[in-house]
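Have a look at the structure below before the remarks.
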Amino acid sequence: MPYVNVQITAGATREQKAALVKDITDSLVRHLGKKPELTHIVIQEIAEEDWGYAGQLIDDWKRGQG
């Protein structure tokens, strides 16, 4: 039973999340022969102030890039 945890910054639409679930499930079926009805995908949205990149919180890093 595959379990995949996808963590992204907040803001994806329901349609984007559905596409991710479908694509990941299809890849597991195609490449590993897994049964889609036994595949679990969890999408966790993380607030940017709780996400770090390059030694900084990502919202601070983004402000410095603009």
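Quick notes
- Among the candidates 4, 29, 21, 42, residue that is in contact with a His (Cβ under 9 Å, 6 or more places away or on another chain) and among the β-branched types (Val, Ile, Thr): 4
- Flag if residue 17 is open to solvent by 70 Å² or more (accessible area, probe 1.4 Å) and at negative phi: no
- When the test is whether a residue is in a helix (DSSP H, G or I) and open to solvent by 80 Å² or more (accessible area, probe 1.4 Å), residue 23 passes it.
- Of all residue pairs spaced 6 or more apart or on separate chains, those with beta-carbon atoms under 8 Å, a first member in the stretch 34-59 that is in a loop (DSSP other than H, G, I, E, B) and a second member that is small (Gly, Ala, Ser) and open to solvent by less than 70 Å² (accessible area, probe 1.4 Å) are 47/10.
- Hits in the stretch 1-14 - residues which are modelled with pLDDT of 95 or more, over 9 Å from the mean Cα position of the chain (by Cα) and loosely packed, with under 10 Cβ neighbours inside 10 Å: 3, 13, 14
- The listed residues are 54, 47, and the only one of them that is hydrophobic (A, V, I, L, M, F, W, C) and exposed (fewer than 10 other Cβ atoms within 10 Å of the Cβ) turns out to be 54.
The values are calculated or read from the model by the stated rules, or taken from the named source; none is laboratory data. Quantities reported herein were computed from a predicted structural model and do not represent experimental measurements. Quick reminder, even Gly has a Cβ in these numbers, built from the backbone with ideal geometry, and neighbours come from all protein chains shown. Ligands, DNA and RNA are excluded from the accessible area calculation, which covers all protein heavy atoms including side chains. Shrake-Rupley method; radii C 1.70, N 1.55, O 1.52, S 1.80 Å.
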